[in-house]
Amino acid sequence: MISPKAINLNKNEAYLEIVWSDGETCRYPLAQLREACPCVECRGGHANMGRENDPEDLMTLKLTPARSYVMTNMELVGNYALQPFWSDQHHTGIYTWDYLKRLCPK
């Protein structure tokens with residue numbers, strides 16, 4: 001299983017950077033990462049959960065209207081995920097390592 005070797009939140013430049021155990025480094029813009037929240041509330045109900053409803057490309061998520069999200073904190077969830085805390089008080093999205101790896105911007 002691929003897992004992070006290092007996780008860095010850069011609040012000034014608004015990105016989350018993960019160095020993966022396979023050597024790949026991914027830089028996730030915070031606005032797109034927030035828009036890709038995998039929680040049931042953000043997905044619009046249980047019928048929209050699952051891999052088939054995951055975004056194909058993080059960088060093509062539309063930010064309309066334009067939004068600026070600030071990640072205020074983040075916590076590890078066991079050995080399998082990251083839980084971000086956002087300035088809009090949202091914190092129910094749990095981003096698994098698998099999900100984050102698939103979201104890695106091309």
>> Take residues that are of a type in the set (A, V, I, L, M, F, W, C) and surrounded by fewer than 15 Cβ atoms within 10 Å (Cβ to Cβ) and tell me which of the helices (runs of 4 or more DSSP H) falling wholly in the chain contain 3 or more.
In response: none
>> Can you list residue pairs whose Cβ atoms sit under 7 Å apart, with the first residue in the stretch 89-106 being farther than 17 Å from A31 by Cα and the second being of a type in the set (A, V, I, L, M) and modelled with pLDDT of 95 or more? Count only pairs 6 or more apart in sequence or on different chains.
In response: T96/A81; W97/A81
> Can you find a residue in the stretch 40-49 that is of a type in the set (D, E, K, R) and in contact (Cβ under 8 Å) with a residue 60 or more places away in the chain?
Replying inline: no
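The values are calculated or read from the model by the stated rules, or taken from the named source; none is laboratory data. Just so you know, these numbers come straight off a predicted model, no measurement behind them. A quick note on method: Cβ atoms are made from the backbone with ideal geometry, for glycine too, and the neighbour counts reach across all protein chains shown.
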